[in-house]
Structure formats: C-alpha cells, structure tokens
1. Near Lys272, which lysines are there with a Cα under 16 Å away, not counting those fewer than 8 places off in the same chain?
2. Fewest to most neighbouring Cβ within 10 Å: what's the order for Trp672, Trp492?
3. What ranking of Ile630, Ile235 emerges when the number of other C-beta atoms within 10 Å of each C-beta is taken as an exposure proxy, fewest first?
4. Using packing as a proxy for protection, rank 606-612, 156-162 so that the peptide with the highest average count of other Cβ atoms within 10 Å comes first.
5. Per-residue counts of other Cβ atoms within 10 Å, averaged by peptide: what ranking do you get for 63-70, 106-113, highest first?
6. Considering only Cα-Cα distances, which of the following residue pairs are longer than 20 Å: Lys360/Lys614; Lys505/Lys559; Lys44/Lys146; Lys576/Lys653; Lys614/Lys653; Lys297/Lys545?
7. Send over the Kirkwood Rh of the range 311-399, from the inverse of the averaged 1/r over different Cα pairs, rounded to one decimal Å.
8. Fewest to most neighbouring Cβ within 10 Å: what's the order for Met670, Met255?
Amino acid sequence: MAAQRAGRRGQEMADDEAHTPLQAILLADSFTQRFRPITMERPKVLLPLVGVPMIDYTLEWLASAGIEEVFVFCCAHAKQVTSYLKTSRWKSQPNFKLTCIQSDDCVSAGDALRSIDQRNVVLCSSKVLGDFVLVSGDTVSNMPLKEVIQEHKARRTKDKLAVMTMVVKRCKPSPLTHQTRLGNEELVLAIDPATKQLLHYGAPNKQRQSILLDKNLLAGRQGVRLHLDMQDCHIDICSPEVLMLFTDNFDYQQMRRDFVRGLLSDEIMGNKVYTYEIFEDYATRIDNFRAYDVVSKDVLHRWTYPIVPEVSFSDSQATVNLDRCNKYREQGATVSRNALIGENTFLGQGTTIGSHSKIKNSVIGRGCKIGENVVVEGSYIWDNVTIADNVQVIQSIICDGVLVKAGARLEPGVVLSFKVTIGENFTVPQYSKISRVPEPTEQDSSDEELEYADSTGDDSGGRIYISANKVQVGQDGAGYRWFKDAVHDEEWKQSAAAISGEKIKELMAKQEQEEDDIQDVDVIPEEKLLSDEEESVDEDDNFEKEVEENFKRAVNGVKLENVVLEVNSLKLGYNKAFSDCAGAMFRAMLNLALETPHSTAAELLSTTKQVISKWSTLFRNFLKSEDDQIEVLLKFEELCLESASEFSPLFSKVVEELYDKDLVSEEAVMSWASEKAGAEEADKVFLRQCESFIKWLNEAEEEESEED
C-alpha cells in the first residue's frame, strides 16, 4: 500500500512546470494539559496574547513569510476555532487561502497528521504534492521562511531521504534550573556541523549526569557537535514522506518523542532530519505558562517586530497608541489622574483604571474595571474582568469575566479561569489554579479533547469530578481549586511567576552537593569543527546576552539579590571571572541608556548618569578588584568603537561619573591609562579624551601628598 501511494505521489510530483504553492499545516490543538483548567473551556489558540488570539500571530507570520495555503487542523473545541476563522480577516486575505480540517477523534499530533494524509487534502488542493511547513497555532515568529525552504528543497534534490528540517536557535539554559528561558527541560542535540544533520535529540540522563551516544554516529564523520544551548523552535519544513511515515507507523504519536527519535534510531529506512539555525530572528512556541509570560514580555519589548501591538493584524479595529517605556494604550481606555501606569504595559479598549492604582509590567484586556488602590504587577488580565478596591495581583493570569472582590490578594503563579469569583479579603495561595469547572478524577490525553457543553446541555462530558468546596475561594466566592497541579513540586518551572530567590538558593545548594558525583562525558572529537577562537566568541556573546536578560529582570522589578544569584550561577556555568560579569553588566546598563529616547548627546549623557546611579548597587556586586574595574573601562572602549558609537564623544564624562560613584577607583583609571600609553596612536583616542581628567587626578594626588 505504501509503495502504491509513493508511486502515485511521485508521478504527480514529476510535473515540474506546475506551480506548487507554499503550503503550511497548522495544528490548532496542543495535545497537552499544560494550560488546564483554562483550555477546558476555550482552545489555547484562541487565548489572547497581548490582546490578540495566539493563532493570529501564527497566521500573520505565515502570510508575511509568503505562505499561500494554510490547512488548519481542528479537533477539540473545533466549533470555536472554525467559527472564529470563518469571520476573521484571514478568509478574505488576498493570495492567502485558509482551509479548516475538522476531526473529532484525534488525541495526538500523530493522529492529526494521519487524518490529513488519509484525506489527501494537501494533494487535492494543489494538484502537485510538495514540501510544507508544519507548525502549531501557538507559534510566534518573525523569521523569513524563503531561505530555510530553499535549503530544504536543495538538499532534497540531492538526497530524497532528507525528509525534514527543524528550525533551532541558541538559548543557553540556566546552569541551575537546567531550563531555557521558556521553562522547558534541558535539551541535548547532536549535530553534524558539516552537513547540519541531526543525529541525537533528547534530554541528558539526570541520575548519571551523562549523555549516551551511539558510537555509530562517528562513522564516516569528521566530528559531531553536542549542543546543550539549542532551543527547538517547533517549526518544521517537511517533505511529503512525513505524512506517509505517520500513516505507516501508528505508534508515532508525538512529533518529537516518537517521530523524530524514531527516524534517528531507524537505520533500515535511513530517513534523515536536518537543522536550520536562526540568529537574530524570533521564533518560539508557547507551550506552558512560563512561555506565555516570556513571549508576552517579548512582544511588549518589541522583539517580535514587525508583529507588535500597534500594528493591526487581527480583527480588532481599536487604535493602539505607543508611549515611552513600552506603554501601549488602545483608544478608549480610561486612566485616573492619580493612577500610575508603569513600563511594559498594555491597556485595552474600554478599560478603566481607578485612582491611586498601580499597573506595571502587565497586560490589561478590553472592558476591564480596575478599582482604586489596586496593585497589578507582572500579570495578565483578559477581557471584562472586574477587580474591586485594594486588591493585589502579583504575577498571575486572570481569564475573561472574573470578579475579584475588595481586599483580595493573588500570590505569584495564580491562574483564575473564566468567570471565577474570589471572595472579599481572600488570599489565593501561590500556583493555585481556580476554575468554575470541577477537576476531573481521570487525566485526559488532551486538555482540549472535548467541549464541555454539548448540544444536549450536559456539561459533564462523561467525566467524573472531584467534589470541591467553594469556600476555598472565599465565603462569597465561586470556583473550584484544582489540587493536582497546585501542589506539584515542579509547578514553579512552568508558572508565570518569577523563580524565587529561595528556590535559586535551594538549587545552588543541591548543585554544589552533586558536583562531586558528576561523571565526565567522553565527548566526540572536536577536530575540524569551529576554531577555538570562533567558539570563544560565540560563548562570550551568549554569556553577555544572558547577563543582559537578567539585568532586564531587575529593571522589571525582580529583587536585586535574585539577579545577583542568577548572574553568579551564569559565571559558574560559563566558567567566567567577575571581570567578565562586570563588563557584561556595564554593557547592559549602557544598552538601557541607549534604548531610552534621546535626541542629543547631552540627553544621552544625562540618561546614562541616571542609569549608573540607579543600578550602582547591583553593579558593585561584580567589581571585586581593580582588575574588574579596568575590564569595565576596556569593555567601554570596545562598545564605543563597535556597537555603541554614540558614547564615543562622552567617554571621559562617563568615566568621571563612574569615578564619582566610587565604581572605578583612581588606581584603576591610572592603570588603564598606563596600559594605553604604550599603544599605537590610533588606539589612544579615548586616552587623549581623558587627558584633562587624568591630569586632575594626578594633581589631586600631589596635593594630598603635600598635605600629608
């Protein structure tokens, strides 16, 4: 049967002159339970991300990247997804055809792809079967697809066994939590650097602290590179054989665990998976609450440009105004004169903010009523939510129609599903998940498997529920607390709450205790891979980016001691010195000053002084010696000559500010000047600029000696 289908498809692919439109298959189901209890009532692809359903981000990216046909596969909550798309702008988008495929009996990505293959929808639509892009409806990206598709097609012309190309991006996991910034577990990839072929995909052995690789991977290869710093973007360029392989192998359920690993271990068929690494472009999937938090912040910080809040790419007609410090406000949002709207915020149309309320690093949806003296920090409040006076909402997610009564407090990591009511003066414990839908006793294979309200009016869905006491959300509240997830030991990993300082200290202690037990891994030879110099540059760049990310966390309100702990853990993980930490932290501070709007050098200098003054306490933690201070001056020179040329005429003034704030000592400045004295004239630009300051230091020292 497989041979007949392969022959049929091969014949139709032979028509080279026929136009094969660029096609994509979009899976509108996540086939996981990570967004429960929210996804018991609404599919994840329709959940709002900074005011726009997730699926709109995916469709906007596909359309802008040149995709001509998209097949949206819907299973759970299929009616909600298809109804939304039927009335959306995507049905009338020129040169962009959208087709919904509905199935009621799929419980995995494998089932979905088998259903698509059996229906021949891709084949019937285009008459010629070609390669296609496979993504989920919770993907956010701005990467161009032309290059990766061309690379995949060129490889396919030479090797028909090259069935898939995975998009990856470097994102070093924390050495403490063993997670990427999106809250996922540590991932190890083995890649042939010469061909980009993927040879291994999986997690390291936690008990043995080791990575087991088949010796056959070395056969005929100059070397294999192990990556613990790669993030899987879950964007795949697939050949037609991918659908056939799923149909012929019914044990393939999950895309990565079953299909990718199955291909890598199958030596008989010889099918191959390759990788395509992106660098500056943005691409990720929102597969847990921490990812939701991180990607929301990335959208507010404009890392996803041009897919940003003020650019209309959804059905919302509201105009979004952008103010300084990433403050977005839709037309029609009302804010009291006494309210404080901080940085990195979004306010939806029809929302009102009461007096003396404080909103910071948060997204507030449309039609919300926020009372007086309310504090909302690091949280996501969706549409038509009412929050009474004197409420505190910290790093939480609140769905449509929720009522939080006066004096209540939501601890970090709380999730309130649709139409929940929190009683007056009630404190919701951290990581709690509250829903109007009781928790089922049996776990389903998918969090979006069935609609809860069917045509008969029965909302049980055939499930058995745990009895729960609504007093758990206050005497006058309404909702059930989901206990299974709330008490999970690993909940902090995938929560929207920031990782606490206590948890970081606990992990550091555990890491130190286990260091003696770590076994050295016999890694495959490194000959003829990237040169040591290139590798060092990549590692330095990644280290500085990680330090800057942690500095931004401090800017966004994370406690300084937690940031210091995290940077110190990066120091250990990258095997760096305090001088490296100091240089990277100073670079992050200068970047913050550059990102602050300014029109003249004087304004930039003033902003820089403010940044140095505000963050001097944090900065001083990494200035342990005179050598660390000299490294800061050398790093400043490097930045002025390369990425931050605006600071070049301000070099001496910034150095004087560092001296005035006791961040750089007189001895450090003089040692730096002494080193530069023997340099070539072209390298003395900043030394000459500092001549008057150095002269003043010398004169001050002489006067002090005379007084003594």
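1. Lys153, Lys158, Lys160, Lys196
2. Ranked by crowding around the Cβ, least crowded first: Trp492, Trp672.
3. Values: Ile630 21, Ile235 26.
Fewest-to-most ranking of Ile630, Ile235: Ile630, Ile235.
4. Packing proxy ranking, top to bottom: 606-612, 156-162.
5. Details: 63-70: 18.9, 106-113: 21.8.
Order by mean packing, descending: 106-113, 63-70.
6. On the way: Lys360/Lys614 18 Å; Lys505/Lys559 14 Å; Lys44/Lys146 28 Å; Lys576/Lys653 29 Å; Lys614/Lys653 17 Å; Lys297/Lys545 16 Å.
Violating the 20 Å limit, Cα to Cα: Lys44/Lys146; Lys576/Lys653.
7. 12.7
8. Met670, Met255
Here, each number is a calculation from the coordinates, and none is a lab measurement. As the structure is a computational prediction, the values presented were derived from the model and not from experiment. Using ideal geometry, Cβ is built from the backbone for each residue, glycine included, and neighbour counts are taken over all protein chains shown.
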